Amino acid sequence: MRSARFSDSTFRTVLYLGGIAVSVLLIAIFFSLLLSSRPALAANGFRFLTGTEWNPVTGSFHALPFVVGTLLTSLIALVIATILSIALSILMGEYFRTGPFASVMRTAVELLAGIPSVVYGFIGVFFLVPAMRSVQILLGAPPFGVGMLTAAVLLAFMILPYSASIGREMISLVPADLKEAALSLGATPSETIWRVTLPYARSGMMGGILLSLGRALGETMAVTMVIGNANDLSLNPLGPGNTMASLIANEFSEAAGTVYLASLIEIALLLFVISTLINIAGKIVVNRMAQGG
Amino acid sequence: MKLSRISVIALILSLAAGLGFSQSVELVGAGATFPAPIYSKLFDQYAKEFGVKVNYQAIGSGGGQSQLKNKTVDFGATDVVMTEKDLAGAPAPILHIPTVAGAVVITYNLPGNPELKLTGDVVADVFLGKVKKWNDSRITDLNPSVKLPGTAITVVHRSDGSGTTGVFSDYLSKVSDEWKQKVGTGTALSWPAGVGAKGNPGVAGLVKQLPGGFGYVELIYALQNSMPFAQMKNKSGNWIKASLASTSAAANVAVPDDVTKLSTTNSDAPDGYPIASFTWLILYKEQNYDNRPQAKVQAMLKMISWMIHDGQKYAEPLSYAVLPAAVVAKADAVIKSVTFNGKPLM
């Protein structure tokens, strides 16, 4: 009996320590980024967030083109991925829950998450870029092939598994009696899905979508291979751009000079802050949905 | 109990053995990626002949410079000479020793892979975004016998910091005042036009894929990927095709005592290819710091000396250009000026 009590409180202590360690780690990351970027914070000031030039030769560093690039590619990717993942979730959660086809689909979607980022980059370079080039020629745009839309489409496939798997779980958890009640009241199957199933699973699916947005914001290797790496502010998805993660991956190893290095770390800090803010905002949305639905 | 005791003894023995075996000299270097293949071959060969092992990490010229500043490596490697500001910020005076030479070529993607002739100012204006189409009069004037299409030129540059960019922008700053003003020289630039790709292979690959692509790569990559590259007009007015011979020839000018001041881009040499440059090893002038053993310093200097003399024979098979004799002589003088406690070692 004494040993049972001893192990119980030890167990609890270990759990608390684990939780505290993770929170401390997060705060430590933030402060280490903040401290390392001090020379840049002093040299660049607030114009860092609004200026559009990134010039390592003159020492003029500004983050706006990369923030816009990150948000634009992530949002386009999120729209594409959400549409696809809702469709997949309904398919796997409602129609094909069991059976060989169901398990093949489920495995295929989950395997998408396991493909390394670099491999996605290669697929993008060899298949997606030429395809995008033909689209650009059709539309009369400069036939780069690489660009923000290419990166967004690639990202959409990379982040799809996160929202699709969670969405499938949420939809399969909708109580059968709710759906049967709707059907017995005369609703068609599609009306049942739109009016009953999806609203019920809404908050859980939103959580999955948030997870995939987090992945999209930070994705580096695949994006840097297909985005065209043009450090200018551009809202044209058919043209090249650059994201914060891709910029850091490209320029960090050769960056010589205190302010240059510190500015790159300041970009990392900015990415960290933006990701955290979007996650917090998303959590608020999820909670509100859970309360309302 | 017995197993844990045995494993502790085994651990201590292996640690002791490891310490014991580290009696042979091992050097650590880091830096430029451009010469990484030839350095890999040279260090491997040197270890076979003389037993001195060198661990070289190709992390980029900037990385080599900062690792040397932090004194975590014995020597650094850089494609571009360190700037006055960087040298002033280092804890002690740093010397540069040239090892091999390389060239940057302009490669492009046109139907039929014609061989084009280009001048520095035209290249600068393409990269500035001022010359936008292949059939622009400035390009057709230089290439009357080539049928150039009316398609747009798609500029491809480096997205990562690189010594290749440093050499190329140094050349463009010399031949175009507008480039010097607007963009300048550096390993990472604010490019006015075009898309970026990572590494020499990235630029080569993207130009190969993009119809109308126009980019710059090291000569080796163009040769190995069978890509066409342009003949350039050098300062003396001669049309030179980049080759190992014309790269070495670019240094056939009066070599100043401070070899770092010898810039071979746009050099006066009549047979020289205009976008050629050396790659350098960097080390501290005074080698007695952080309790370095004198034997290690001597081994390092002997190795560097071997690299610029006997080691040069390994350069050409790997498509690197050798140092001309006058440059080797000045490099020898630099090696002789390295001191240990104020006294020269070689």
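FYI, it's all coordinate maths here, none of it is from the lab. From a predicted model like this one, the values you see are computed outputs, not experimental measurements. Reconstructed Cβ throughout: ideal geometry from the backbone, glycine too, with neighbour counts over all protein chains shown.
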*Could you give the radius of gyration (one decimal) and Dmax (whole number) of the Cα atoms in region A:162-235, in Å?*
18.8, 58
*Starting with the fewest neighbours, write out B:126, B:156 ranked by other beta-carbon atoms found within 10 Å of each beta-carbon.*
B:126, B:156
_Could you work out the relative contact order of chain B? I mean the mean sequence separation of Cα pairs under 8 Å and 6+ apart, divided by the number of residues, in percent._
22 percent
*Using the C-alpha atoms of region B:233-278, what convex hull volume per residue, in cubic angstrom, is computed?*
56 Å³
_Less than 13 Å Cβ to Cβ from residue A:227, Lys/Arg counted +1 and Asp/Glu -1: what total charge do the surrounding residues give?_
-1
*Relative contact order of region A:158-232: what whole-number percent is it, with Cα pairs under 8 angstrom and at least 6 residues apart?*
48 percent
*asked:* Compute the helix-to-body angle for A:100-114: its Cα long axis versus the longest principal axis of chain A, expressed 0 to 90° and rounded to tens.
replied: 20 degrees
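Checking a compactness column here: for region A:5-90, what do you get for Rg(Cα) / (2.2 N^0.38 Å), N being the number of residues? Walk me through the numbers before you get to the answer.
Details: Rg = 21.8 Å, N = 86, 2.2 N^0.38 = 12.0 Å.
Compactness ratio reported: 1.82.
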*Non-local amide H neighbours of residue B:251 (under 5 Å, H modeled in plane, Pro and chain starts lacking H): which ones?*
none
_Output the 0 to 90 degree angle, nearest 10, between the alpha-carbon long axis of helix B:294-308 and the longest principal axis computed from the alpha carbons of chain B._
30 degrees
*Cα convex hull of chain A, projected area averaged across orientations, nm²*: 22.3 nm²
*asked:* Run the Debye formula on the Cα coordinates of region B:301-346, all scatterers equal and no solvent, and tell me log10 I(q)/I(0) at q = 0.19 1/Å.
replied: -0.62
*In a Gaussian network model over chain A where Cα atoms closer than 10 Å are linked, find which of A:162, A:16, A:120 has the largest mean-square fluctuation.*
A:16
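Based on DSSP H runs of at least 4 residues, each adding -39500 (n - 2.57), what is the mean residue ellipticity at 222 nm of chain A after dividing by all its residues, to the nearest 500 deg cm²/dmol?
Calculated mean residue ellipticity at 222 nm is -24000 deg cm²/dmol.
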_Using Cβ contacts closer than 10 Å as the measure, can you line up B:75, A:30 from fewest to most?_
A:30, B:75
_Cα convex hull volume per residue for region A:250-293 (Å³)_ = 50 Å³
*Could you pull out every residue, at least 5 positions away or on a different chain, whose amide H is within less than 5 Å of the one on residue B:158? Hs are placed 1.01 Å off N in the peptide plane, and Pro or chain starts have none.*
B:197
*Other chains near B:187-194: what is the mean number of their Cβ atoms within 10 Å of each residue's Cβ?*
6
*Relative intensity, log₁₀ I(q)/I(0), of region A:90-172 from a Debye sum that treats every alpha carbon as a point, q = 0.15, 0.18, 0.19, 0.26 Å⁻¹*: -0.66, -0.80, -0.83, -1.12
*Amide H to amide H under 5 Å from residue B:81: which residues, 5+ apart in sequence or cross-chain, H placed 1.01 Å off N in plane?*
none
*Pairing the Cα long axis of helix B:2-21 with the longest principal axis of chain B, what angle in degrees results, from 0 to 90 and rounded to the nearest 10?*
60 degrees
_In Hz, Karplus ³J(HN,Hα) per residue of region A:200-210 (6.51, -1.76, 1.60; θ = phi - 60°; x = Gly, Pro)_ = 5, 8, 3, 5, x, 5, 4, x, x, 5, 4
*Over 20 Å between alpha carbons, listed pairs B:117/B:241; B:85/B:285; B:147/B:180; B:85/B:330; B:174/B:261*: B:147/B:180; B:85/B:330
_Sort B:158-167, B:204-213, B:129-138 by packing, meaning the average of other beta carbons within 10 Å per residue, with the highest value first._
B:158-167, B:204-213, B:129-138
*Regarding region A:58-205, what whole-number volume in Å³ per residue does the convex hull of its Cα atoms give?*
167 Å³
_Using the Karplus curve 6.51 cos²θ - 1.76 cosθ + 1.60 with θ = phi - 60°, what ³J(HN,Hα) values do you get for each residue of region A:55-60, in whole Hz, with x for Gly and Pro?_
10, x, 6, 8, x, 9
*Hey, what do the phi angles of region B:254-269 turn into as Karplus ³J(HN,Hα) couplings, whole Hz, using 6.51/-1.76/1.60 and θ = phi - 60°, x for Gly and Pro?*
4, 8, x, 4, 7, 4, 5, 7, 7, 9, 8, 6, 6, 7, 7, 4
*Nearest 5 is fine: what % of DSSP beta bridges in chain B come out antiparallel, could you say?*
60 percent
*In peptide A:228-236, how many Cβ atoms from other protein chains are near each Cβ within 10 Å, on average?*
4
_All-pairs alpha carbon distance profile, the protein assembly as shown, 20 Å steps from 0, percent_ = 16, 41, 31, 11, 1
_For region A:194-293, Kirkwood radius (reciprocal of mean inverse C-alpha pair distance, Å)_ = 15.9 Å
*What are the extents of the Cα atoms of chain B along their three principal axes, listed from largest to smallest and rounded to whole Å?*
81, 54, 36
*Sum -39500 (n - 2.57) across every DSSP H segment of at least 4 residues in chain B, then divide by the residue count to get the 222 nm mean residue ellipticity, nearest 500.*
-11500 deg cm²/dmol
